[in-house]
1. Answer yes or no as to whether G178 is on the phi > 0 side of the Ramachandran plot, surrounded by 17 or more Cβ atoms within 10 Å (Cβ to Cβ) and not in a strand (DSSP E or B).
2. Just for the range 216-249: of the residues that are touching a Leu at 6+ places or on another chain (Cβ under 6 Å), of a type outside the set (A, V, I, L, M, F, W, C) and within 14 Å of F189 (Cβ to Cβ), which one is surrounded by the fewest Cβ atoms within 10 Å (Cβ to Cβ)?
3. Report yes if A191 is at pLDDT 90 or above, surrounded by 19 or more Cβ atoms within 10 Å (Cβ to Cβ), small (G, A, S) and touching a strand residue (DSSP E or B) at 6+ places or on another chain (Cβ under 7 Å), otherwise no.
4. Filtering the range 120-162 down to residues that are assigned to a strand (DSSP E or B), among the β-branched types (V, I, T) and modelled with pLDDT of 95 or more, which residue is nearest to I217 (Cα to Cα)?
5. Name the residue, out of V130, V161, that is buried (at least 17 other Cβ atoms within 10 Å of the Cβ) and of a type outside the set (F, W, Y).
6. Please determine whether any residue of the range 140-151 is crowded, with 21+ Cβ neighbours inside 10 Å and in contact with a His (Cβ under 6 Å, 6 or more places away or on another chain).
7. Can you give me the number of residues within the range 133-160 that are aliphatic (A, V, I, L, M) and over 19 Å from P27 (Cα atoms)?
Amino acid sequence: MKLLLPLLFLSLTCLGQGAEKNQKKGPLAGEKAVYSLRWSFVSVGDVEISIDENSDVGGLWTATLEAKANAFMRTVYDFHTIIRTQFTEGVPRSEGYIRDERGEETVHGTFFDWSTETVRYSKNGDVREVLALQPGTQDPLSVVFAFRSGAVPLRKGTHPVWVSDGKVIDLIEFKVDGPETVRTPAGKFQAFHITADFKGVRAIFARPEGALIEVWISADDRMIPVQLKSKASMGSFRSILEEYSAPEE
């Protein structure tokens, strides 16, 4: 059984003080969100998502998603996946994407070269043929932050976005509905409901062909995903917000 786990890839009027003091919209450098990860109805681990500014390159941010199996799941399948995406503030496009599957000792790289408008994929250092980039292309994780920053509109309707994992580039249609009420261990939220079929693009976790990925993003200034759901190769995954923290501005 192969699991590649979610992301994403959370905001919180219910956590009060942090959200009230942060006036800037969208993601914040220094924020961190923790999710429970469930496979069908079984708890299998947790997911942590954090954002940091790159101290070496001004204006470049790194978002990291780390998924780990819990003690129960390690007896069945011991997964540990770390995904990193880089983008400039405002998330106009992706600058790079790495998926490190530590349990399988496999590193997938997606390298965006905007000077030549190409993207290339590598697996454990083996570089594949380059693809032509389209304007504003995102990777499977940065597209979540594109919604949060406003680079892609977080409003009702269908919004097409080019997305690439390096092996494939597809124009993905993201359908936004809501807001609707979502209850999580962190509290109750009004959230926009986003659904998409990633077509041939490998999303954050493995899924059957044609299976929709669903993300709920809070309808407030933080615009953070509070829940993610999708069918997997076997069963289905759900990530649910447990806690969130952000620096004071």
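The values are calculated or read from the model by the stated rules, or taken from the named source; none is laboratory data. In this text, all values refer to a predicted model and were calculated from it rather than measured experimentally. Note that we place each Cβ from the backbone using ideal geometry, even for glycine, and neighbour counts take in every protein chain shown.
1. no
2. Y244
3. The answer is yes for A191.
4. Among those residues, the one meeting the criterion is T158.
5. V161
6. no
7. So in the range 133-160, the residues aliphatic (A, V, I, L, M) come out as 133, 141, 143-144, 146, 151-152, 154.
Then keep just the ones that are over 19 Å from P27 (Cα atoms); that gives 133.
So the answer is 1.
Here is a yes/no grid of residues against (1) more than 16 Å from the chain's Cα centre (by Cα); (2) within 19 Å of V215 (Cα to Cα); (3) at pLDDT below 90:
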| site | (1), (2), (3) |
| --- | --- |
| K2 | yes, no, yes |
| F9 | no, yes, yes |
| L12 | yes, yes, yes |
| V47 | no, yes, no |
| A63 | no, yes, no |
| E104 | yes, no, yes |
